[in-house]
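This report refers to the structure that appears directly beneath it.
The values are calculated or read from the model by the stated rules, or taken from the named source; none is laboratory data. All of these numbers come straight from a predicted model, not from anything done at the bench. All Cβ positions, glycine included, derive from the backbone under ideal geometry; neighbour counts span all protein chains shown. For accessibility, only protein heavy atoms count, side chains too; no ligands or nucleic acids. Shrake-Rupley method; radii C 1.70, N 1.55, O 1.52, S 1.80 Å.
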Amino acid sequence: MAEAGDNERHDAIDALMEESRTFPPSEDFKANALVVGTYLYDEAAEDDEAFWARQSADLLDWAEPWDTILDWELPYSKWFTGGKLNVSYNCLDRHVLAGRGDRVAFHWEGEPGDTRTITYGDLLDEVCQFSNVLKDLGVERGDRVNIYLPMIPEAAVAMLACARIGAAHSVVFGGFSAQSLADRINDAEAKVLVTADGSYRRGSVFPLKPAADEACTNAPSIEHVVVVKRGGNDVEWVEGRDKWYHDLIDGASTECPAEPMDSEQLLFLLYTSGTTGKPKGIMHTTGGYLTHVTYTHKYVFDLHPESDVFWCTADVGWITGHSYIVYGPLSNGATQVMYEGVPNHPGNDRFWEIVEKYGVTIFYTAPTAIRTFMKWGATEPAKHDLSSLRLLGTVGEPINPEAWMWYQEHIGGGRCPIVDTWWQTETGGIMISPLPGATTTKPGSATFPLPGVSSELIDDEGKRVDVGGGYLTLTRPWPGMLRGIWGDPERYLETYWSRFEGRYFAGDGAKLDDDGYLWLLGRVDDVMNVSGHRISTTEVESALVSHPAVAEAAVVGAADATTGQAIIAYVILRGGQDVDVESLRSHVAGEIGAIAKPKMIFITPDLPKTRSGKIMRRLLRDVAEGRNIGDTTTLADESIVDELRARAAISTDD
Ligand code: PRX
């Protein structure tokens, strides 16, 4: 492979790896696929606004039609203005009214093995009851409700109840600290907090209420705390403020009309971290968002709601859970699995046991999970009959070609297409992804923008890149796009719209290969600059993971007096494997070129990750550069940092 230094063209990001394996959809898959061929792409290319309007009209029930499809005043878009609809009506009532009330909405599985089967009819009743509860607690249209819950069905109920009465929810992932929760409640000025006593994690009860209590002492806007009983653990009780969910539901009516909302009514806030410490409250509204997630869930996952069982392993506290556990799948009338706990309790095969038990047909997870499964070994999935699976998906970060191949072979049995879906909290729904019956995939590539989505790579000068590396921008508004940052319009402009005029800048680097396939290269802040060459951490990680002894790798650029930045790698080996660091360095040089050879490689038992599974490169950079570690409260396992620091201290530069 050519060294970057030989390139005449100066790419914004040097894309060095080549991947030549291709996987066209099989005849078998195509026979029943919703989309085969290019017709959706052709229709959208002709007139994207008309395309989205047709999707919305076909897929959703509108109480009142819209006057205008798109009202676009850069950087603010409004979709389907004048139209009215209710999200919870679209997710629940319309399925029940059509006679599908007995269809299972959720096969819920608790970590200890207890289960609940919830039909669309059941879910509608409980959502109506909780809507009435919220109204009784004084929640009105336009108010904000905070939700801090584990992976239990009540999380979906609470979200849908807010949508039903026009209150916006702000879900905070149950793994966040009391302080993080308080910051988010205060920013949103929420009136009500919905939480639980605790829930099961890794075999024991993980208490949630103490963090909620602590948050409330610093969050004066909260008037009521509704507590779901799940863990059965003892909790402190603030009389007058705290109420048990089951007590409130017991007395509540199952009748609650779904009032039509304006298309641009605020549906939810979801906080995401930015480059500064203060989280951003990303705003999503009603008609456009629901159109986007319903459309993408249907076509990207080739959903046949009468026969499929869909399982998205994300937590409802992240955008993936909002869009592909709650709103997209329920709007499409899908049957889903929802699981409370961790993938390795009681054994490393828990996910595969669940797939077999419920006959899961479509499985959607994150690359970090796949690499963990690789580490545990192919014997774990091999213990179960996974033949029900027909389609696999990934989301959240670039997937290394080797992890893609492993997923394809050991989970998909070589027969399932893989959809690598690129999107963000800010985009609301999937933007770049294969359509499984129509797209020939390449391992590690998210392929092409979906019909209706327009993206372009551009270089530092803002010029369009047709082949090679660049910055990923979106050039046309889309229905699920964020409507702003809650309370901070300046930051909205600055973060997404200031770097390249007239374009949404996603913050990601990507490359286009000779066939026009898009390869995501991670956040631009994850791009290293080694002797003037911008090298993606993802590519070096992929090269490391392609070594048979390596299960997972994290790469960072650390300040270096000679080369600007030096490549530092942290590597987890596969079970039972041993390898010397020098041969790993040569392996990377062989895969990518000498330019990408890591200066140092540390073998480590684990890596610091956020609770959503993203590797915390900032932290690894701090360790590599010998700095004090800042805030580690969002880490899944804080002890790993000390471990890495100890290793860095005893290492010497070779
Ligand atoms: O860097 C991209 C990465 O995740 C970022 C968005 O993170 P978040 O808002 O937490 O949403 C994650 C779930 C949608 C993106 O800017 N990302 C997400 N999906 C992919 C990805 N990177 C590469 N390939 C993907 N499929």
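Can you name every residue in region 342-369 that is without any contact (Cβ under 8 Å) to a residue 40 or more places away in the chain and within 16 Å of the chain's Cα centre (by Cα)?
Pro367
Looking for whichever is under 30 Å from Glu501 (Cα atoms) and surrounded by fewer than 20 Cβ atoms within 10 Å (Cβ to Cβ) here; the options are Trp72, Trp52. Which one fits?
When all the criteria are applied, what remains is Trp72.
Kindly check whether there is at least one residue in region 533-543 that is in a loop (DSSP other than H, G, I, E, B) and more than 26 Å from the chain's Cα centre (by Cα). Walk me through it before giving the result.
If we filter region 533-543 for residues that are in a loop (DSSP other than H, G, I, E, B), which is where we start, we get none.
Taking every residue of region 533-543 in turn, none turns out to be in a loop (DSSP other than H, G, I, E, B) and more than 26 Å from the chain's Cα centre (by Cα).
So which of Asp349, Asp262, Asp315 is in contact with a helix residue (DSSP H, G or I) (Cβ under 7 Å, 6 or more places away or on another chain), closer than 30 Å to Glu494 by Cα and of a type in the set (D, E, K, R)?
The match here is Asp315.
Condition test on Ile319, is it at pLDDT 95 or above, within 16 Å of the ligand (Cβ to nearest atom) and not aromatic (Phe, Trp, Tyr)?
Values: at pLDDT 95 or above: yes; within 16 Å of the ligand (Cβ to nearest atom): yes; not aromatic (Phe, Trp, Tyr): yes.
Yes: the conditions hold for Ile319.
Among the residues that make up region 297-307, is at least one of them in a helix (DSSP H, G or I), in contact with a Gly (Cβ under 6 Å, 6 or more places away or on another chain) and either open to solvent by less than 10 Å² (accessible area, probe 1.4 Å) or not assigned by TED's automatic domain parsing to the domain that holds Leu92 (or both)?
Looking through region 297-307, at least one residue is in a helix (DSSP H, G or I), in contact with a Gly (Cβ under 6 Å, 6 or more places away or on another chain) and either open to solvent by less than 10 Å² (accessible area, probe 1.4 Å) or not assigned by TED's automatic domain parsing to the domain that holds Leu92 (or both).
Among the strands (runs of 3 or more DSSP E) confined wholly to region 546-615, which include 3 or more residues that are open to solvent by less than 30 Å² (accessible area, probe 1.4 Å) and in contact (Cβ under 8 Å) with a residue 40 or more places away in the chain?
550-560, 564-573
Report those strands (runs of 3 or more DSSP E) wholly inside region 78-178 carrying at least 1 residues which are open to solvent by less than 30 Å² (accessible area, probe 1.4 Å) and farther than 20 Å from Trp244 by Cα.
Fully inside region 78-178 and qualifying: 104-109, 115-119, 168-171.
Quick grid of which residues meet (1) away from the ligand (no atom under 16 Å from the Cβ); (2) not aliphatic (A, V, I, L, M):
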| site | (1), (2) |
| --- | --- |
| Val226 | yes, no |
| Lys229 | yes, yes |
| Val238 | yes, no |
| Asp247 | yes, yes |
| Glu255 | yes, yes |
| Glu259 | yes, yes |
| Glu264 | yes, yes |
| Leu269 | no, no |
| Thr272 | no, yes |
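Go through (1) open to solvent by less than 20 Å² (accessible area, probe 1.4 Å); (2) within 15 Å of the ligand (Cβ to nearest atom) and name the single condition Pro479 misses.
(2)
May I ask you to say which residue of Tyr358, Tyr339, Tyr324 is within 16 Å of the ligand (Cβ to nearest atom) and either among the hydroxyl-bearing types (Ser, Thr, Tyr) or touching an Asp or Glu at 6+ places or on another chain (Cβ under 6 Å) (or both)?
Tyr324
Name the residues in region 383-401 that are assigned to a loop (DSSP other than H, G, I, E, B) and among the hydrophobic types (A, V, I, L, M, F, W, C), would you?
Result: Leu386, Leu389, Ile399.
How about region 429-442: which of its residues are touching a Phe, Trp or Tyr at 6+ places or on another chain (Cβ under 7 Å) and under 19 Å from Asp508 (Cβ atoms)?
Gly429, Ile430, Met431, Ile432, Ser433, Lys442 - these are the residues of region 429-442 that are touching a Phe, Trp or Tyr at 6+ places or on another chain (Cβ under 7 Å) and under 19 Å from Asp508 (Cβ atoms).
Being among the small types (Gly, Ala, Ser) and either without any contact (Cβ under 8 Å) to a residue 60 or more places away in the chain or within 14 Å of the ligand (Cβ to nearest atom) (or both), is that true of even one residue in region 485-492?
No, because not a single residue in region 485-492 is among the small types (Gly, Ala, Ser) and either without any contact (Cβ under 8 Å) to a residue 60 or more places away in the chain or within 14 Å of the ligand (Cβ to nearest atom) (or both).
Considering only residues that are touching a Phe, Trp or Tyr at 6+ places or on another chain (Cβ under 6 Å) and under 8 Å from Gly288 (Cβ atoms), which ones fall in region 74-88?
Phe80
Here are some residues: Thr372, Thr368, Thr425. Which one is open to solvent by 10 Å² or more (accessible area, probe 1.4 Å) and assigned to a loop (DSSP other than H, G, I, E, B)?
Answer to the check: Thr425.
Listed residues Thr439, Thr394; which is surrounded by fewer than 24 Cβ atoms within 10 Å (Cβ to Cβ) and among the polar types (S, T, N, Q)?
Of the residues listed, the single one that is surrounded by fewer than 24 Cβ atoms within 10 Å (Cβ to Cβ) and among the polar types (S, T, N, Q) is Thr439.
Restrict the check to region 304-312 and report whether at least one residue is hydrophobic (A, V, I, L, M, F, W, C), away from the ligand (no atom under 13 Å from the Cβ), under 25 Å from Ser77 (Cα atoms) and in contact (Cβ under 8 Å) with a residue 60 or more places away in the chain.
No, because not a single residue in region 304-312 is hydrophobic (A, V, I, L, M, F, W, C), away from the ligand (no atom under 13 Å from the Cβ), under 25 Å from Ser77 (Cα atoms) and in contact (Cβ under 8 Å) with a residue 60 or more places away in the chain.
For Glu43, are the conditions met, namely being out of contact with any strand residue (DSSP E or B) (no Cβ under 9 Å at 6 or more places or on another chain) and not in a loop (DSSP other than H, G, I, E, B)?
yes
Could you tell me whether Gly281 is assigned to a loop (DSSP other than H, G, I, E, B) and either modelled with pLDDT of 95 or more or under 21 Å from the mean Cα position of the chain (by Cα) (or both)? Don't jump to the end; show me each part of the working.
Numbers: assigned to a loop (DSSP other than H, G, I, E, B): no; either modelled with pLDDT of 95 or more or under 21 Å from the mean Cα position of the chain (by Cα) (or both): yes.
So Gly281 does not fit the description; no.
Inside region 420-455, can you point out the residues that are closer than 20 Å to Leu474 by Cα, within 12 Å of the ligand (Cβ to nearest atom) and not hydroxyl-bearing (Ser, Thr, Tyr)?
Asp420, Trp422, Trp423, Gln424, Glu426, Gly428, Gly429, Ile430, Met431, Ile432, Pro434, Ala446
How many of the residues making up region 409-422 are open to solvent by less than 10 Å² (accessible area, probe 1.4 Å) and either in a loop (DSSP other than H, G, I, E, B) or at pLDDT below 95 (or both)?
Residues that pass the stated criteria total 2.
Could you tell me which of the residues Gly480, Gly522, Gly502 is in the same structural domain as Asp71 (by TED's automatic domain parsing) and at positive phi? Steps first, please.
Details: Gly480 fails: at positive phi; Gly522 fails: in the same structural domain as Asp71 (by TED's automatic domain parsing).
Sole residue among the options that is in the same structural domain as Asp71 (by TED's automatic domain parsing) and at positive phi: Gly502.
Since Pro257 meets every condition but one in (1) free of Cβ contacts under 8 Å to residues at least 12 places away in the same chain; (2) assigned to a helix (DSSP H, G or I), which condition does it not meet?
(2)
Which residue is modelled with the lowest pLDDT, if the candidates are limited to region 218-271 and must be open to solvent by less than 30 Å² (accessible area, probe 1.4 Å) and over 21 Å from Leu137 (Cα atoms)?
Residue satisfying both the conditions and the ranking: Tyr271.
When you scan region 482-501, how many residues do you find that are part of a loop (DSSP other than H, G, I, E, B), open to solvent by 30 Å² or more (accessible area, probe 1.4 Å) and modelled with pLDDT of 95 or more?
Of the residues in region 482-501, the ones part of a loop (DSSP other than H, G, I, E, B) are 482-484, 486-488, 498-501.
Going one step further and asking which of them are open to solvent by 30 Å² or more (accessible area, probe 1.4 Å), we end up with 486-488, 498-499, 501.
When the remaining residues are screened for being modelled with pLDDT of 95 or more, the result is 486-488.
The number of residues fulfilling the criteria is 3.
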